[in-house]
Amino acid sequence: MSLRKKALTGTAWTTGAMVTKVVVQVVRLSILTRLLEKSDFGLVAIVTVVLGFTQLFTDMGVSVALFSRNDLTIKQRSGLYWMSIILAFTMYVLLIAATPLVANFYRMPELGHLLPLMGLDLIISSASRQFRVYKQKDFEFKQVALIDIITNVSSLLLAWFLALRGWGVYSLVLSTLFSSFASSFLVILTTIKRYPLQFLLNFKENIGIYKVGAYQLGSQILDYLSNQIDVLLIGKLMDVSELGVYNLIKQLANRIYALLSSIITTVATPILAKIKDNKERFLANFLKFLEIVAFVSVGAFASIFLSSEVVLNVIYGPDYRSYYPILQIIAVFLGISLFVNGASRLIIISGKTDIGFKWTLIRFAVNPLVVYLGSFYGLKGIVYAQLAYMIIFFPVYYYLVVNKVISGISFFIYAKPLVQNIIISGVVAILMQLGLIFLSTNPSILYVVISLLLFAGIFLFFNRRVVRLITNSRT
């Protein structure tokens, strides 16, 4: 099968799995917001951030480094695997030790029970992480997709059952653990024969991989803290219910972001990695890739922006409808962020993780300050501050990262597809708002549907070339 066919097949299966995952997660939250308290979601938000941080150390950036290596021996693979398991157990012990401190810092005694329980996911997810990388490199998107679909649907049913039985916040925690365990078990079961393991540790033999991974780990740590600083600050400075509302809205937008990002990274990374030595071919395909990412990211998040008020009312209920401006700004922020994230594939493919690390140092220094200053103006202040930060630092990212990794792309060429699509979306948003003012009404479901159809028609018309690129491109 050619690379193009593999890419199309992989995209189809990955899209199917991720769409199922997003739908399941949204449906689960839609159900649980009507059964649980807002404070429950605030607690889970803090638990998720803490665990996400500790999980970074269990991998040491190795999973990303593996994409640039095709010559690993069974001894090297085994050493990398067992080291990740040891790190997972170590981080779990440290998490238990730190739990009282976290609970006291946020003045939430419930965290004393939730953190150790959810912490089990550190070990569960670490057991299958590298096997997932092998499946991606072998283009086994179908198997991964089927596993994710089965486990996500099962998790939804379990969460619903437990919530109806009055398990409260534990319905979220236990259903998440079940999904992680089932997914890890099936991934290992379907991969272990082709990638067997030996019981040994050989740190010296893998020192080169750890060096590449070290820069990536440093970037991941700082990047993660920069991205989650809003949740950490809101949890400390505001009421836990306010954090619950903010995190629910952020999660809703992040589901779409994760869906699109997963498709982009899962399929595009191995494809571009295989042609990275042919500079002319790589540059041509990367420019096509940027056009497609801009088309997808702006199209998706502009749709969320246009329908934000109705979406919150339908999914979370009328209590959340008034928060729609927050969802709108988050949508704009994530639309630009997804485009930048697409360009960051260059760092992984080229193995120049030191450049990515330096950029992340800048983000880590600036983003927390931006969020902190924005927090003085409430939730809206935080999201507006983050959007301003993203716009200002967009050209900085080009000059410090993109221009250093790949030559032959000017800033105009780099930014053009994103800016064009934002202008198109902005015009439609203005027309939609003028229509509401003229009709003297609030957005209804029918009005939003008609507006989205109009937007889709205009957006596709001005992106005819990109549509042909997606359907007819050859790698």
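The values are calculated or read from the model by the stated rules, or taken from the named source; none is laboratory data. Keep in mind that what you see is a predicted model, and the values were worked out from it rather than measured. Every residue, glycine among them, receives a Cβ derived from its backbone with ideal geometry; neighbour counts consider all protein chains shown.
State all residues of segment 68-95 that are outside any helix (DSSP H, G or I) and either at pLDDT 85 or above or under 17 Å from Ser125 (Cα atoms) (or both); if no residue qualifies, say none. Break it down stepwise before answering.
The first filter runs over segment 68-95 and keeps only residues outside any helix (DSSP H, G or I), leaving 68-73.
None - no residue of segment 68-95 is outside any helix (DSSP H, G or I) and either at pLDDT 85 or above or under 17 Å from Ser125 (Cα atoms) (or both), so the list stays empty.
Please go through segment 400-418 and pick out each residue that is exposed (fewer than 13 other Cβ atoms within 10 Å of the Cβ) and hydrophobic (A, V, I, L, M, F, W, C).
Phe412, Ile413, listed by residue number.
How many of the residues making up segment 217-254 are of a type outside the set (A, V, I, L, M) and within 18 Å of Phe339 (Cβ to Cβ)?
4
Can you pull out every residue in segment 382-413 that is among the small types (Gly, Ala, Ser), in a loop (DSSP other than H, G, I, E, B) and in contact with a helix residue (DSSP H, G or I) (Cβ under 6 Å, 6 or more places away or on another chain)? Spell out the reasoning first.
Kept after step one, since they are among the small types (Gly, Ala, Ser), are these residues of segment 382-413: 385, 388, 407-408, 410.
Pick out the ones that are also in a loop (DSSP other than H, G, I, E, B) and you get 407-408, 410.
Gly408, the sole residue that qualifies.
Mind telling me which of the residues Tyr170, Tyr224 ends up being outside the structural domain of Phe357 (by TED's automatic domain parsing), in a helix (DSSP H, G or I) and modelled with pLDDT under 85? Let's see the steps before the verdict.
Working: Tyr170 fails: modelled with pLDDT under 85.
After applying the criteria, what remains is Tyr224.
Does Phe57 satisfy the condition of being modelled with pLDDT under 80, buried (at least 18 other Cβ atoms within 10 Å of the Cβ) and outside any helix (DSSP H, G or I)? Spell out the reasoning first.
On the way: modelled with pLDDT under 80: yes; buried (at least 18 other Cβ atoms within 10 Å of the Cβ): yes; outside any helix (DSSP H, G or I): no.
In short, no.
Which one of Ala98, Ala65, Ala127 is assigned by TED's automatic domain parsing to the domain that holds Phe199, part of a helix (DSSP H, G or I), modelled with pLDDT under 85 and among the small types (Gly, Ala, Ser)? Quick ask: steps written out before the conclusion?
Details: Ala98 fails: modelled with pLDDT under 85; Ala127 fails: modelled with pLDDT under 85.
Matching residue, one of Ala98, Ala65, Ala127: Ala65.
Does Ile406 satisfy being within 17 Å of Ser226 (Cα to Cα) and of a type in the set (Val, Ile, Thr)?
Values: within 17 Å of Ser226 (Cα to Cα): no; of a type in the set (Val, Ile, Thr): yes.
For Ile406, the condition - within 17 Å of Ser226 (Cα to Cα) and of a type in the set (Val, Ile, Thr) - is not met.
Could you list, in sequence order, the residues of segment 388-399 that are surrounded by 15 or more Cβ atoms within 10 Å (Cβ to Cβ) and closer than 14 Å to Val366 by Cβ?
Taking segment 388-399 first, the residues surrounded by 15 or more Cβ atoms within 10 Å (Cβ to Cβ) are 389-390, 393-394, 397-398.
Listed by number, the residues that qualify are Tyr389, Met390, Phe393, Phe394, Tyr397.
List pairs: first in segment 149-174 and on the phi > 0 side of the Ramachandran plot, second assigned to a helix (DSSP H, G or I), Cβ under 9 Å, 6+ apart or cross-chain?
Gly168/Asp40; Gly168/Leu162
Within segment 84-129, can you find the residues that are buried (at least 18 other Cβ atoms within 10 Å of the Cβ) and among the small types (Gly, Ala, Ser)?
Ser84, Ala88, Ala103, Gly119, Ser125, Ser126, Ala127, Ser128
Out of the residues in segment 192-221 that are of a type in the set (S, T, N, Q) and surrounded by fewer than 21 Cβ atoms within 10 Å (Cβ to Cβ), which is modelled with the lowest pLDDT?
First, the residues of segment 192-221 that are of a type in the set (S, T, N, Q): 198, 202, 206, 216, 219-220.
After this cut, where a residue has to be surrounded by fewer than 21 Cβ atoms within 10 Å (Cβ to Cβ) as well, the list is 198, 202.
Values: Gln198: 82, Asn202: 71.
So the residue we want is Asn202.
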